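The values are calculated or read from the model by the stated rules, or taken from the named source; none is laboratory data. Keep in mind it's a predicted model, so treat the numbers as computed, not measured. Glycine gets a Cβ as well: all are built from the backbone with ideal geometry, and neighbour counts include every protein chain shown.
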Amino acid sequence: MYKSSINKAESRKDENDELKLFLSKLLSQWPLFILSILTCLGIGILFLRYKTPVYKIAAKLLVEDQQKGGAGMGTSEMFSDLGTLFNTKSNVDNEAEILRTRSLVEEIVRNLKLNVRYYKKGTFKNLELYDAPFNVELISVKDTVLTTTFEVTDSSSGEYVLSYEDRQTGDEISKKYRYDQAFIIDDIGTLKITKNAQFRGSEANDYIFTIASFDQTVASIRAQLAVAVTNKQVSTIDLTLEYPIPKKGEEILTEVINSYIKLNLRNRNEIADSTIAFIENRLLVVSRELGDIEGNIQKFKQTKGLADISEQSKLLVGSSSEYIKRISDIETQLNITEALLGYLKDESRNKRVVPSSVLPEDPVFAGLVERYNNLVLEKERHLLSSTEDNPVIRNLVQRIMSLRNDMLSNLNSTAQSLRITKQQLNQNAGQIQGQIKAVPSQERTYLDLARQQEIKQELYVYLLQKREETAISKTANLANTRLIDAAKSETAPFSPKRGVLLLMSLAFGLALPVGWIYLNEILNNRIQNKKEIEYLTSIPIIGEISHNSSEENVVVIKNSRSPISEQFRALRTNLPFFMASDATCQTILLTSSMSGEGKSFIATNLGAALALSGKKVAMLELDLRKPKLSQNLGVVGKYGFTNYIIDNNVKESDIISATWVNENLFVVSAGPIPPNPAETILNSRMDSLIKYLKDQFDFIILDAPPIGLVSDAQLLSKYADLSLYIVRQRITYKDQLMIANELYDNGKFGKMAIVVNDISKSKGYGYGYGYGYAYGYSYGEYNDMPSPNFWNRITGKK
């Protein structure tokens, strides 16, 4: 448990260290952040400057929906006895769907000519106008129209120049026309441009107008129009339209509402119109029949010479008057019932509503008619946005047919009942007729004609009354939807939102360099800073050497006070902490992971730093494959290490050469490159050479080959009191530190330390440049350490 807690604490510490390291890298790249933020904000400001703003126009409708407690508005209180004559049920969701229908939007586009748009020509963008100095009239337009842009330039009084691109040939066409002159444009149709007398702006500018496809404009308006039932507790509909011109957007949304209300009122008046038409037709038939009966009575009286009815017929009439009245009522109801049967059986009228004001006094049948008419109107509303193949339409048709059959069955039953009642009344009347057989046949004929006249006259009066009731109810009929919030545009643009866009630009300006640095950190597989070395290995760091910006390979010379020379002095100062202080001679081995990490440069200047302290130093150039040490010092000896190994006549003193750097600094060059460097180092004379050098010098520096490539350094490690592993910033791979870890953990190199080479301030190393640099030296104080400029700090160049 204790070890687990320690591991978790160390893990959190590592995470905190990584976070601090990443934050330090971000802070070191502050010029990149400033440049990114300014660039993104500039792009955002330019976008706001040239992006056409879009405004949101909103309106609200209230639907008098019976399903949500609304009261019908189609019936006047004066005629409340008519009940639900024209009060069709409405559902707010159905009304919302009607507002979205294509047919309604097509009417708006056609009425307002929205497929023609006017613009004021600008330098970078064209500004759409609500009012232009001219109007474009589309006299005749082809079915398929490709969006075409026209430029209008007022040339003189009464004339203008029209320029456009031919869509077929791509040629630019410019023609002069007179205002009010009709002309033909290929692929579009016949146009005419007239002066706008109401325009009050300047006509000095060039103007542009576009003609778009009618269907394309309808689709665009439908996409910009939003219809929503936001509150299910009330029957309100919210309409919003997004448009770049607030005033024009308000006009479009207002036209949508007005057209919808007109359509709604037309639907509600359809039942009244159908009822009036039916009554008018029946009045013509009954009037003709009544005229025929009255003519027969007149003809009968003229033929028989009758002036008055006898006293005998008065008694007969008095006795049978009650039966005649009842038979008259039954005849009236039977006529209406048979007329409705004929109306329902007529296939040409199957898609129309059934008149409700001439119904027989049967509440069951009245309920069926009301449901039937509601379904017919609902089907017609759905047909505005759907086809007859729609499952909803098919379901409505089936329900309508079922109700029609129910109504026919009800009417047939009612007619049969009326016929039975009539038969019984006729039988009773027949008994009365038997009592008046003594009445002259002329008077009996007259009574029959009078009875027919009375029946037709009552039917005629009844139809006249219903016609007047229907006409008066129609005038009081109102739409079931009313406007409660008129179309009004918001004062600020809906899109783009200036504050949000600038905030997003700022955020993107910050995120872009953070993402770039983070991605660069993930993809980078080379050592970048001291913290990474400490994270990857437990080998101590003995010194840190900054980037050598000079052309010289030897930077540590007498009286040199540059930062990099102080770093080598600091490295020299740290050596006793890793080596035994009582030894007469100390041997230091330098190796690295691969070639090019500055091993020879470190060896040369470390040797120079030790020599400046009064120590006698010998440097052995043991990288026999790619020797650089003697080349850096400019030393050319007669014999080298290879000569000493292979020739016993060559003495130790023959291969030791003095250097110009300091009188205490000597070098043993590699000599000729041997074919077998490893075997050369294993030669027994190597021990003799090391023993000789220890007797003559205070320090021996072994410049060994890279341990990551060959095993020579491991062969030389037995002579070393301290092994220095060179790690070069931005050159050494992170995985290569595993080699040093293995050597250190297995004790193959004895005492071991790391020297970090080629540290660059512009790369955000973050820990100074070694112990000597901490004394207060900075970039720019010496000519050999120039401070990086602003651009180099952004790009990371030295």
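Among the residues of the stretch 219-233, are any modelled with pLDDT under 85 and in contact with a Phe, Trp or Tyr (Cβ under 8 Å, 6 or more places away or on another chain)? No, because not a single residue in the stretch 219-233 is modelled with pLDDT under 85 and in contact with a Phe, Trp or Tyr (Cβ under 8 Å, 6 or more places away or on another chain). The residues listed here are Arg394, Arg404; of these, the one that is charged (D, E, K, R) and over 30 Å from Gln333 (Cβ atoms) is Arg394. Count of the stretch 210-235 residues, restricted to those that are buried (at least 21 other Cβ atoms within 10 Å of the Cβ) and assigned to a strand (DSSP E or B), is 2. Applying a threshold of 6 Å to beta carbon distances and a minimum spacing of six or more residues, or different chains, the list of pairs starting in the stretch 131-151 at a residue that is under 17 Å from Arg167 (Cβ atoms) and ending at one that is small (Gly, Ala, Ser) reads Val141/Gly189; Lys142/Gly189; Val145/Ser213; Thr147/Ala212; Glu151/Ser163. Going residue by residue through the stretch 661-680, is there one that turns out to be polar (S, T, N, Q) and not in a loop (DSSP other than H, G, I, E, B)? Yes, the stretch 661-680 contains a residue that is polar (S, T, N, Q) and not in a loop (DSSP other than H, G, I, E, B). Take the conditions (1) among the aromatic types (Phe, Trp, Tyr); (2) over 21 Å from Thr732 (Cβ atoms); (3) within 60 Å of the chain's Cα centre (by Cα); Phe601 misses just one of them, which is (2). Assessment of the stretch 581-593 against the conditions (in a helix (DSSP H, G or I), surrounded by fewer than 24 Cβ atoms within 10 Å (Cβ to Cβ) and not polar (S, T, N, Q)) yields no matching residue. Contact map, the stretch 521-546: first residue under 18 Å from Ser760 (Cβ atoms) and touching a residue at least 60 places away in the same chain (Cβ under 8 Å), second residue in a loop (DSSP other than H, G, I, E, B) and of a type in the set (Lys, Arg), Cβ cut-off under 8 Å, separation 6 or more or different chains; pairs are Arg526/Arg730; Ile527/Arg730; Gln528/Arg730. Residue pairs whose Cβ atoms lie under 6 Å apart, separated by 6 or more positions or on different chains, with the first residue in the stretch 276-296 and farther than 13 Å from Tyr343 by Cβ and the second in a helix (DSSP H, G or I) and among the aliphatic types (A, V, I, L, M), are Leu283/Leu463; Val286/Leu459; Asn296/Leu449. Restricting the search to strands (runs of 3 or more DSSP E) fully inside the stretch 84-203 and requiring at least 3 residues that are surrounded by 15 or more Cβ atoms within 10 Å (Cβ to Cβ) gives 116-120, 134-141, 148-156, 159-165, 189-195.
Condition check ((1) in a loop (DSSP other than H, G, I, E, B); (2) touching a residue at least 12 places away in the same chain (Cβ under 8 Å); (3) closer than 29 Å to Arg282 by Cα) across all residues:
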{"position": "Leu377", "(1), (2), (3)": "no, yes, yes"}
{"position": "Ser385", "(1), (2), (3)": "yes, yes, no"}
{"position": "Met401", "(1), (2), (3)": "no, no, yes"}
{"position": "Arg419", "(1), (2), (3)": "no, yes, yes"}
{"position": "Gln427", "(1), (2), (3)": "no, no, no"}
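Taking the conditions exactly as written (surrounded by fewer than 22 Cβ atoms within 10 Å (Cβ to Cβ), hydrophobic (A, V, I, L, M, F, W, C) and under 17 Å from Ser546 (Cβ atoms)), does Ala570 satisfy them or not? For Ala570, the condition - surrounded by fewer than 22 Cβ atoms within 10 Å (Cβ to Cβ), hydrophobic (A, V, I, L, M, F, W, C) and under 17 Å from Ser546 (Cβ atoms) - is met. Considering Ser560, Ser600, Ser549, the condition of being assigned by TED's automatic domain parsing to the domain that holds Ile681, in contact with a Pro (Cβ under 9 Å, 6 or more places away or on another chain) and surrounded by fewer than 23 Cβ atoms within 10 Å (Cβ to Cβ) is satisfied by Ser549 alone.
Of everything in the stretch 741-756 that is farther than 21 Å from Gln586 by Cβ and in contact (Cβ under 8 Å) with a residue 12 or more places away in the chain, the residue that is farthest from the chain's Cα centre (by Cα) is Asn741. Across the stretch 687-719, the qualifying residues are those that are closer than 21 Å to Ile533 by Cβ and of a type in the set (A, V, I, L, M, F, W, C), and the one among them that is modelled with the lowest pLDDT is Leu709.
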